[in-house]
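The values are calculated or read from the model by the stated rules, or taken from the named source; none is laboratory data. These numbers were taken from a predicted model, which means no experiment stands behind them. Please note: Cβ atoms are built from the backbone with ideal geometry, for glycine as well, and neighbour counts cover all protein chains shown.
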Amino acid sequence: MAGQHGVKETVEGLKGAVALAKAIKEVTADGAQLGDFVALYTKYSSDADFKAKLDAAVMDAAKIPDELNDLDLGDCVELLKGVAEALG
Ligand SMILES: [Ca+2]
C-alpha cells in the first residue's frame, strides 16, 4: 500500500543531500577553502555514483512537496528505508 505519489523523489532528495553533505565534510576536513568548490566539482565530474545521486536528487525535486503531503504508512516505511540506505 502506498500513497498516491509514493516517496521516490523524497528518497532521492535525501540520498543526494546526504551524499553532498558527506562530500563537503570530506573536502573540508582540513578546513574550508575556496579550492573545496573545485574539489567538489571534480568529484561530481569523476565519481559516477556521486553524480548519479546528485542528478537524481535534483531531477523532479519539485514533486517532493506533493509526496510529503500524501504520506501513508507504506510511504513512511519506504522513507525510513531510504534514510537508512542514504546513511549506510
Ligand atoms: Ca528526483
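Here is the figure for region 34-61: residues that are in a loop (DSSP other than H, G, I, E, B) and under 14 Å from residue 19 (Cα atoms) total 1.
Out of all the residues in region 59-74, is one or more among the small types (Gly, Ala, Ser), surrounded by fewer than 15 Cβ atoms within 10 Å (Cβ to Cβ), within 16 Å of the ligand (Cβ to nearest atom) and farther than 13 Å from residue 14 by Cα? Yes, region 59-74 contains a residue that is among the small types (Gly, Ala, Ser), surrounded by fewer than 15 Cβ atoms within 10 Å (Cβ to Cβ), within 16 Å of the ligand (Cβ to nearest atom) and farther than 13 Å from residue 14 by Cα.
In the set (1) away from the ligand (no atom under 16 Å from the Cβ); (2) in a helix (DSSP H, G or I); (3) without any contact (Cβ under 8 Å) to a residue 24 or more places away in the chain, the condition left unmet by residue 31 is number (2).
Sub-9 Å Cβ pairs linking a first residue in region 38-62 that is under 14 Å from residue 24 (Cα atoms) to a second residue that is within 11 Å of the ligand (Cβ to nearest atom) and assigned to a helix (DSSP H, G or I), at least 6 apart or interchain, are 44/54; 54/16, ordered by first then second residue.
Residue 87 meets all of the listed conditions (1) within 16 Å of the ligand (Cβ to nearest atom); (2) in contact (Cβ under 8 Å) with a residue 24 or more places away in the chain but one, namely (1). Screening residue 49 with (1) more than 11 Å from the ligand (Cβ to nearest atom); (2) surrounded by 15 or more Cβ atoms within 10 Å (Cβ to Cβ); (3) modelled with pLDDT of 95 or more gives one miss only, at (2).
For first residues located in region 2-22 and within 12 Å of the ligand (Cβ to nearest atom), partners that are outside any helix (DSSP H, G or I) and modelled with pLDDT of 95 or more and lie 6+ apart or on another chain with Cβ distances below 6 Å form the pairs 9/60.
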